[in-house]
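K.L.:
Here it is, the structure in full.
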């Protein structure tokens, strides 16, 4: 570690920790205030902080709040980091776990500094008695039955006790601020207004005309005319942070020191590492999206040798080496997955052609329904599925206790259509039952909705009436959190420090 305080404890201290570990491994200090899950306010002394103990860690400063450094060696930062590592241990990619743990510690420490200043400005003082009570309430020295255990207390090292006391003392001002904010209660009229919103809901039906409906023969013709874009190749990938590392693995594979699969699964930093580097079959345009220079994709797809290695090439994740698992072949439009990819490509790269088809299809559907034909019959005849949306509250801002299209719309068409068009949202809830609304753009497609009946929202009303006061508390504290992180006093250099210092100079 970069300071004397963070050195590994003595052998005797380690033995004491091992003795206490049986009782401590599921315990933490810190409280949950109401229903607020704001930041990780806990500490674990069992897991030593060693993952970033290499040279250069001691002077790491991830940012500032009101001029005060948020440093790696800060005692509170270390406590937050240990707790985050303990919570996330063994979950997912090690690099992602390290990033997440450090970021939690950084944000938690920034908030603690800010809240501490608020408490100080308000005249809040931490006495020894309050700290003692906080330690007792934490249960850190309790046995498995929740009873204070003098033996456990005596077996805990002075260093650990000191760390515990310092952390509790530093958290108490923050706890006081959170408690004050969490004590906010909504007025009766506000609660009645929200409850009234929950009392009314209505259902909908709609068809979603999307690129999948584009004629297969037209998509096949497009694929033939643009054959180079849709060439297919089965590939595997290894990605490493630097070009020199990526070049070195090519030598390892070629001289038989390591296999492609072992390097991919053990060292690669991309999302295919868990599959030993296998990417599956990609079209040329898909690979282009990963490469900094799209011409490199042409080079890869020009390979005439199965098993050949190509690269390293700069990508969004680092430097990648590709293995050719099959030679380049034309796209098979009989394959439904490949056909869908071509249609999606047309929608996003030849939008005029696709939009003309979508608009004409939507017009044909609407004209037939307005001419008296049944909504379901027309949908069946034109090959469109009718999506049923269950009763939904008028909730344009997605208030948590009211239903919204994200929850009730299984296809997501109405959620997409209303996300950027408030007028269309109003039409859905203000039009009469049975009205078939004009076609609306939704993502890559078009939505044609039929308005359903208004229903009684008793269940939502009960939920709002019960939970709204607690939600207000949570949202108030979240507003406090956001005000800290949006403050001009908060200097956030975490990303820069993590990627420039932690990845390049600190031995993990």
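The values are calculated or read from the model by the stated rules, or taken from the named source; none is laboratory data. Because the structure is predicted, anything quoted here is derived from the model rather than measured. Backbone-built Cβ (ideal geometry, glycine too); neighbour counts: all protein chains shown.
K.L.:
For residue 443, are the conditions met, namely being modelled with pLDDT under 90, surrounded by fewer than 19 Cβ atoms within 10 Å (Cβ to Cβ), touching a helix residue (DSSP H, G or I) at 6+ places or on another chain (Cβ under 8 Å) and farther than 18 Å from residue 199 by Cα?
P.N.:
On the way: modelled with pLDDT under 90: yes; surrounded by fewer than 19 Cβ atoms within 10 Å (Cβ to Cβ): yes; touching a helix residue (DSSP H, G or I) at 6+ places or on another chain (Cβ under 8 Å): yes; farther than 18 Å from residue 199 by Cα: yes.
So residue 443 fits the description; yes.
K.L.:
Another question, then. For segment 156-179, give me the residue count where each residue is over 37 Å from the mean Cα position of the chain (by Cα) and surrounded by 16 or more Cβ atoms within 10 Å (Cβ to Cβ).
P.N.:
2
K.L.:
Does segment 111-128 contain any residue that is within 34 Å of the chain's Cα centre (by Cα) and either outside the structural domain of residue 493 (by TED's automatic domain parsing) or on the phi > 0 side of the Ramachandran plot (or both)? Explain how you work it out, then say what you get.
P.N.:
Initially, segment 111-128 is screened for residues within 34 Å of the chain's Cα centre (by Cα), giving 111-119.
Restricting the remaining residues to those that are either outside the structural domain of residue 493 (by TED's automatic domain parsing) or on the phi > 0 side of the Ramachandran plot (or both) gives none.
So far as segment 111-128 goes, no, none of its residues is within 34 Å of the chain's Cα centre (by Cα) and either outside the structural domain of residue 493 (by TED's automatic domain parsing) or on the phi > 0 side of the Ramachandran plot (or both).
K.L.:
Of the residues that sit in segment 180-192 and are within 30 Å of the chain's Cα centre (by Cα) and in a helix (DSSP H, G or I), which one is nearest to residue 124 (Cα to Cα)?
P.N.:
The residue in question is 180.
K.L.:
Determine which single condition residue 404 fails, assuming it passes every other condition in (1) touching a helix residue (DSSP H, G or I) at 6+ places or on another chain (Cβ under 7 Å); (2) under 20 Å from residue 455 (Cα atoms); (3) in contact (Cβ under 8 Å) with a residue 12 or more places away in the chain.
P.N.:
For residue 404, the exception is condition (1).
K.L.:
Between a first residue in segment 184-205 that is surrounded by fewer than 16 Cβ atoms within 10 Å (Cβ to Cβ) and a second residue that is part of a loop (DSSP other than H, G, I, E, B), which pairs have beta carbons less than 7 Å apart while being 6 or more apart in sequence or on different chains?
P.N.:
199/457
K.L.:
May I ask you to list the residues in segment 369-385 that are touching a residue at least 12 places away in the same chain (Cβ under 8 Å) and surrounded by 13 or more Cβ atoms within 10 Å (Cβ to Cβ)?
P.N.:
If the condition is that a residue be touching a residue at least 12 places away in the same chain (Cβ under 8 Å) and surrounded by 13 or more Cβ atoms within 10 Å (Cβ to Cβ), then 369, 375, 378, 379, 382, 384 are the ones that fit.
K.L.:
Further question: Might you let me know whether segment 375-388 holds any residue that is assigned by TED's automatic domain parsing to the domain that holds residue 445 and at positive phi?
P.N.:
Among the residues of segment 375-388, at least one is assigned by TED's automatic domain parsing to the domain that holds residue 445 and at positive phi, which makes the answer yes.
K.L.:
Answer yes if at least one residue in segment 287-306 is in contact with a helix residue (DSSP H, G or I) (Cβ under 9 Å, 6 or more places away or on another chain), within 30 Å of residue 411 (Cα to Cα) and in contact (Cβ under 8 Å) with a residue 12 or more places away in the chain, and no otherwise.
P.N.:
Taking every residue of segment 287-306 in turn, at least one turns out to be in contact with a helix residue (DSSP H, G or I) (Cβ under 9 Å, 6 or more places away or on another chain), within 30 Å of residue 411 (Cα to Cα) and in contact (Cβ under 8 Å) with a residue 12 or more places away in the chain.
K.L.:
Can you pull out every residue in segment 391-419 that is closer than 14 Å to residue 447 by Cα, assigned to a loop (DSSP other than H, G, I, E, B) and out of contact with any strand residue (DSSP E or B) (no Cβ under 7 Å at 6 or more places or on another chain)?
P.N.:
412, the sole residue that qualifies.
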